[in-house]
Amino acid sequence: MTTRTPFSECARGRIAEILAEVYAPLLAALSAGKAEELLAAWRLYDAAIHDEPSTVGSAGFLTFLEDSIIGFGSWDPRGWPDVGHIGHNCILPSHQRKGLGRQQVEVILGYFRRKEFHSACVRTDEHPFFTPARKMYVACGFRVVRREPGTLLDDCDTVVYELELSGNQTS
């Protein structure tokens, strides 16, 4: 059985470690400079979780299986009431393909519904690494609304998905 706790239950640096582990195959495919850029951004995000507990630190949760962190989900609520943005949704590789990432998305969508956001948005890349994520978002009811120039690899677009939440106040 999984449980969820606030980010405050996590040691400084652990979120960046999880991101590096989850994205290891993608990091290996990137140039050294681009990989270091991502790692640095994740370290800054990790620091912000701890340094800004009432903003960044309150917009996410850790997922535990027994006593071990197996992933986390996050969001950016600054678009309220129009749109809530799903942020990182990571499950460690040894626990992937078990529906846990989808469970995290459903928790985030439940939060958005309780706060009465009109819609949810998520972005992911067209790189093959993200194929499971893209399939999961479609299975959760998201639809592709546009493609934008990618930021990870020049030949891979970023896919933007949205899900209408208005009038659907369940969860």
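None of the figures in this text is laboratory data; all of them are computed from the coordinates on show. Worth saying up front: this structure is predicted, and the values here are computed from it rather than measured. All Cβ positions, even for glycine, are placed from backbone atoms using ideal geometry, and neighbour counts span all protein chains on display.
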If you work out semi-axes √(5λ) of the Cα gyration tensor in Å from the coordinates, which of [x] 23, 21, 16; [y] 26, 17, 17; [z] 35, 19, 14 do you get? [x]
Once you've got the GNM for the chain with C-alpha springs shorter than 10 Å, pick whichever of Ala28, Ala47, Ala59 has the biggest mean-square fluctuation. Ala28
If r is the Cβ-Cβ distance from Glu66 to Glu106 and R0 is 22 Å, what FRET efficiency results, to the nearest 0.05? 0.55
Ranked from highest to lowest mean number of other Cβ atoms within 10 Å per residue, what is the order of the peptides 114-125, 82-93? 82-93, 114-125
Rounding to the nearest 20 debye, state how big the charge dipole of region 2-164 is about its Cα centre with +1 on each Lys and Arg Cβ and -1 on each Asp and Glu Cβ. 500
Given a Förster radius of 30 Å and the C-beta distance between Glu21 and Glu116 as r, what FRET efficiency does 1/(1 + (r/R0)^6) yield to the nearest 0.05? 0.30
Comparing Ala40, Ala32, Ala48, which has the greatest mean-square fluctuation in the GNM of the chain with Cα pairs linked when under 10 Å apart? Ala32
Would you please state which residues of region 37-67 a label at Thr3 would reach in this model, taking the label point 7 Å out along Cα→Cβ and a backbone N cut-off of under 19 Å? 60-67
Between Ala28 and Glu164, Cβ-based FRET efficiency (R0 41 Å, step 0.05) works out to 0.65
Mind checking the full-extension length gain between Ala11 and Asp155? Use 0.36 nm per residue of separation minus the Cα-Cα distance, one decimal, nm. 48.2 nm
The chain: relative contact order as a whole-number percent, Cα under 8 Å and 6+ apart: 19
